[in-house]
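Would you mind keeping the following structure in view while I ask a few things?
The values are calculated or read from the model by the stated rules, or taken from the named source; none is laboratory data. Worth saying up front: this structure is predicted, and the values here are computed from it rather than measured. Methodologically, a virtual Cβ is constructed for each residue, glycine included, from the backbone with ideal geometry; neighbour enumeration extends over all protein chains shown. Note: accessible area is taken over every heavy atom of the protein model, side chains too, but ligands, DNA and RNA are not part of it. Shrake-Rupley method; radii C 1.70, N 1.55, O 1.52, S 1.80 Å.
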Amino acid sequence: MRARDHNWLQVEEYLQRDDRVVLPVGSTEQHGYLSLETDNILAERVSAEAAEPLGVLVLPVLAYGLTPSFAAYPGSPTLRLATFLAVLRDLLDSLHGQGFRRVLLVNGHGGNIAGGSLVREWAAAHPDAQAIFHSWWSSERVVAAAKAVDPEPSHANWFENFPWTRLAGVDLPRERKRPLDHAAYRVASPEAVRELLGDGVFAGAYELPDEQVEAVWRAGVEEVRELLENAWR
C-alpha cells in the first residue's frame with residue numbers, strides 16, 4: 001500500500017483500522033556500476049513487497065542520508081549527522097501527531113546506522129507509540145542467506161545487484177575484485193576513498209545469477225513482513 005497510490009482521505013480511513021506505517025530510509029550515492037539510487041530503490045521495494053499482503057501503508061523513501069566518505073564521487077550528496085537525525089525526529093513527531101503509533105523504519109544504507117539510536121530515544125520518550133529501526137541488508141537472516149550464495153556480500157557488488165538496481169547498457173567486470181583494505185578505508189579522506197576503491201565496489205563478484213540472489217531478496221522481504229506482523233509489544 002504505497003502512499004503514492006492513495007490520497008489523504010484514504011489514509012484517514014486507513015488510520016481508523018490500522019496505526020502502522022513504514023518509512024524507508026536510503027541514500028543517494030555511488031554504487032559502482034549500479035544506480036546511484038540503489039539504497040533508495042532497495043529500501044522502498046523491500047518495504048512495499050513486505051507490506052503489500054498486509055495492507056500496511058508505505059511512505060516514499062527518505063532519499064538522502066549520511067555518506068560523507070563518498071564525497072569525491074559525483075552524485076553522492078550527504079546530509080550532516082545532526083541534520084539527518086533531526087529529519088528522522090521531525091518525521092516521527094509528525095507521523096505521531098497524525099495518529100500513527102507503530103512506525104517501522106526500513107534502512108537501506110550502512111552510513112545511516114546512527115538513526116537507530118535516535119529511534120530508540122524517540123520511542124522511549126513516547127510510551128504510547130512504538131518505533132523500530134531495521135537495516136534490512138544486515139540482519140542475521142539476510143547475511144546468512146547471502147553467505148550461503150557467496151562469501152563476499154559487499155557494497156555495490158552482487159549483493160546489491162538486482163534487475164531493479166542495474167542500468168541499461170552498462171557492462172560489468174567479470175573478474176572478482178580484490179578484498180578491501182578495511183583498515184585503510186576507515187581512516188581515508190573522501191579523495192583517498194576514491195583512490196582506494198576506484199570504481200566504488202568494495203570487493204568480490206560484481207554479478208551473480210538472479211536465481212541465486214533471489215534467495216537473499218526473499219529473506220529480506222520475509223523478515224520485514226514478520227516485523228510488521230509480530231514485532232510490536
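For segment 87-127, which positions are farther than 17 Å from Arg20 by Cα, among the small types (Gly, Ala, Ser) and out of contact with any Leu (no Cβ under 6 Å at 6 or more places or on another chain)?
Gly110, Ala114, Gly116, Ser117, Ala124, Ala125
Now a separate question. Kindly indicate whether Arg2 is farther than 23 Å from Glu222 by Cβ, out of contact with any Leu (no Cβ under 6 Å at 6 or more places or on another chain) and of a type in the set (D, E, K, R).
Judged against the criteria, Arg2 is not a match.
Tell me yes or no: at least one residue of segment 3-20 is in contact with an Asp or Glu (Cβ under 7 Å, 6 or more places away or on another chain) and either surrounded by 19 or more Cβ atoms within 10 Å (Cβ to Cβ) or in a helix (DSSP H, G or I) (or both).
No.
I've got another one for you. With Asp93, Asp39 as the choices, which residue is part of a helix (DSSP H, G or I) and surrounded by fewer than 22 Cβ atoms within 10 Å (Cβ to Cβ)?
Step by step, each of Asp93, Asp39 is checked, and only Asp93 is part of a helix (DSSP H, G or I) and surrounded by fewer than 22 Cβ atoms within 10 Å (Cβ to Cβ).
Within segment 21-36, take every residue that is assigned to a loop (DSSP other than H, G, I, E, B) and touching a Ser or Thr at 6+ places or on another chain (Cβ under 6 Å) and give me the one that is nearest to Gly115 (Cα to Cα).
Among residues in segment 21-36 that are assigned to a loop (DSSP other than H, G, I, E, B) and touching a Ser or Thr at 6+ places or on another chain (Cβ under 6 Å), the one nearest to Gly115 (Cα to Cα) is Ser27.
Mind checking whether some residue in segment 155-168 is within 21 Å of Glu229 (Cα to Cα), within 19 Å of the chain's Cα centre (by Cα) and among the hydrophobic types (A, V, I, L, M, F, W, C)?
no
Within segment 56-81, how many residues turn out to be under 13 Å from Val193 (Cβ atoms) and open to solvent by 50 Å² or more (accessible area, probe 1.4 Å)?
Counting residues in segment 56-81 that are under 13 Å from Val193 (Cβ atoms) and open to solvent by 50 Å² or more (accessible area, probe 1.4 Å) gives 3.
Still on this structure, I have one more. Where residues in segment 97-117 are part of a loop (DSSP other than H, G, I, E, B) and in contact (Cβ under 8 Å) with a residue 24 or more places away in the chain, which of them is surrounded by the most Cβ atoms within 10 Å (Cβ to Cβ)?
Gly108
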